[in-house]
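Read through the structure below, which is laid out as structure tokens, and then see the notes.
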Amino acid sequence: MIKLTQYSHGAGCGCKIAPTVLSAILKNHEATPDDKRLLVGNSSRDDAAAYDLGNGTALISTTDFFMPIVDSPFEFGRIAATNAISDVYAMGAKPILAIAILGWPIDKLDATVANEVIAGGRKACADAGIVLAGGHSIDCPEPVFGLAVNGIVDISNLKRNDTAKEGDVIFLTKKIGVGVLSTANKKGIIAAGHLQVAIDSMTTLNNIGEALGHCKAVNALTDVTGFGLLGHLIEMAEGSNLKAVINYSTIPVLDYVSLYLENGCIPGGTVRNFKSYGHKVQMPDEEMKNLLCDPQTSGGLLVAVAKSNMNEFIAVMGNHFFVEIGKMEKREDDYPVVVIE
């Protein structure tokens, strides 16, 4: 049986470049053309670009790809595609079209295995109601798969990650711990049933995001991926010039995660994440970072909701999973940006 994770040095969104390194890469002192129709771009650290089409709607454009996080080619393709599509949902938008990105070590892995990866990607796209319309492939030392995805949204419904308001209640729509379980898998010590818990989470679409785009109670929205829950909380709070105060005991965690943490299954991405932004956080126990900084692949949505209009949000969520984890408060000083209680 092919074990895809043995052909890559990283796994899923844990492949992401650390936040501080990414900032250095993106730093640009050259003037760029000013396009007033670009509603969301490099000036913010949002999930996707948004471009005004001039008719009251915006085009949402994003791309996301990574190396295998599971051994099954089909599930790898499905997870990677689900993760990429999530960026569109995180803007409150409707996905409309996807293009595949494939890097394949043709000297190591047969083309039939890549075919299974693509099939998994098509399944995720079909679940989202869109087509996988084409793509591009290269011969690559390690297997890589993902999508470029376009979406559409009424500009009045466009959600951003830097528009939270003081007093907002913070919600999370998926449990965390995917990075821990995938690390246990890569080490070869995870039970089959335990890994399925992570796969089920990673292949669940964040399609509730489209409905949240219509929800006026939602002031800010993003998804939780490679920078971990803490990293994306920092982006939301810092971008909104606020402080996030989080109740650690309320954070939902996937089954079996504590077991594998005890066995030292901490992703390298967790350490890189904390080194990048740990100075912005106040927490009573530094060991909390092993969950808070855990890189999530196809994680849930992080939602800032106006406390005065909670009923609308709850009604929109319906039977979808969501947990209240904290609130946004006024920030008096530069640090801390997030306080864990």
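The values are calculated or read from the model by the stated rules, or taken from the named source; none is laboratory data. Values in this document were obtained by computation on a predicted structure and should not be read as measured data. Virtual Cβ from ideal backbone geometry, glycine too; neighbours counted across all protein chains shown. Accessible surface is based on the protein model in full, side chains and every heavy atom, while ligands, DNA and RNA are left aside. Shrake-Rupley method; radii C 1.70, N 1.55, O 1.52, S 1.80 Å.
Restricting to the stretch 65-92, and then to whatever is part of a helix (DSSP H, G or I) and polar (S, T, N, Q), can you tell me which residue is surrounded by the most Cβ atoms within 10 Å (Cβ to Cβ)? Looking at the filtered set, the residue picked out is Ser86. If you filter the stretch 304-320 down to residues that are open to solvent by less than 30 Å² (accessible area, probe 1.4 Å) and either assigned to a helix (DSSP H, G or I) or in contact with a Ser or Thr (Cβ under 7 Å, 6 or more places away or on another chain) (or both), you find that the one that is farthest from Ala81 (Cα to Cα) is Phe313.
Tell me whether the stretch 166-178 contains one or more residues that are in contact with a Phe, Trp or Tyr (Cβ under 6 Å, 6 or more places away or on another chain) and either in contact (Cβ under 8 Å) with a residue 60 or more places away in the chain or over 27 Å from His320 (Cα atoms) (or both). Yes: the stretch 166-178 contains one or more residues that are in contact with a Phe, Trp or Tyr (Cβ under 6 Å, 6 or more places away or on another chain) and either in contact (Cβ under 8 Å) with a residue 60 or more places away in the chain or over 27 Å from His320 (Cα atoms) (or both). Taking the criterion of being part of a strand (DSSP E or B) and surrounded by 15 or more Cβ atoms within 10 Å (Cβ to Cβ), the residues of the stretch 118-140 that qualify are Leu132, Gly135, Ser137. Condition first: polar (S, T, N, Q) and either more than 22 Å from the chain's Cα centre (by Cα) or under 18 Å from Gly213 (Cβ atoms) (or both). Now tell me which residues in the stretch 311-329 satisfy that. If the condition is that a residue be polar (S, T, N, Q) and either more than 22 Å from the chain's Cα centre (by Cα) or under 18 Å from Gly213 (Cβ atoms) (or both), then Asn311 is the only one that fits.
Using the structure shown, decide if Thr222 is modelled with pLDDT of 95 or more and within 28 Å of Ile130 (Cβ to Cβ).
So Thr222 passes the test.
Please work out if Asn290 is open to solvent by 10 Å² or more (accessible area, probe 1.4 Å), out of contact with any strand residue (DSSP E or B) (no Cβ under 6 Å at 6 or more places or on another chain), at pLDDT below 95 and assigned to a helix (DSSP H, G or I). Considered against the rule, which asks whether it is open to solvent by 10 Å² or more (accessible area, probe 1.4 Å), out of contact with any strand residue (DSSP E or B) (no Cβ under 6 Å at 6 or more places or on another chain), at pLDDT below 95 and assigned to a helix (DSSP H, G or I), Asn290 comes out as no.
Against the test of being polar (S, T, N, Q), surrounded by 14 or more Cβ atoms within 10 Å (Cβ to Cβ) and at pLDDT 95 or above, the options Asn150, Asn115 yield a single qualifying residue, Asn150.
With respect to Tyr248, determine if the residue is within 22 Å of Val337 (Cβ to Cβ), out of contact with any His (no Cβ under 7 Å at 6 or more places or on another chain) and touching a residue at least 40 places away in the same chain (Cβ under 8 Å).
Answer is yes for this residue.
Would you call Asn207 modelled with pLDDT under 95, open to solvent by 20 Å² or more (accessible area, probe 1.4 Å), over 20 Å from Val338 (Cβ atoms) and not charged (D, E, K, R)? The answer is no for Asn207.
Inspect the stretch 264-279 for any residue being more than 20 Å from the chain's Cα centre (by Cα) and either surrounded by 15 or more Cβ atoms within 10 Å (Cβ to Cβ) or at pLDDT below 95 (or both) and give the result as yes or no. Yes, some residue in the stretch 264-279 is more than 20 Å from the chain's Cα centre (by Cα) and either surrounded by 15 or more Cβ atoms within 10 Å (Cβ to Cβ) or at pLDDT below 95 (or both).
The set of residues in the stretch 98-112 that are touching a residue at least 60 places away in the same chain (Cβ under 8 Å) and open to solvent by 40 Å² or more (accessible area, probe 1.4 Å) contains only Lys108.
Within the stretch 212-243, being farther than 16 Å from Ile69 by Cα, within 18 Å of the chain's Cα centre (by Cα) and either open to solvent by 30 Å² or more (accessible area, probe 1.4 Å) or among the polar types (S, T, N, Q) (or both) holds for Thr222, Glu235, Glu238, Gly239.
Looking at Gly103, Gly77, Gly135, just one residue is in contact with a helix residue (DSSP H, G or I) (Cβ under 6 Å, 6 or more places away or on another chain) and more than 30 Å from Phe313 (Cα to Cα), and that residue is Gly77.
Of the residues Pro143, Pro95, which single one is over 27 Å from Pro252 (Cβ atoms) and either open to solvent by 10 Å² or more (accessible area, probe 1.4 Å) or at pLDDT 95 or above (or both)?
Within the list Pro143, Pro95, the selection yields Pro143.
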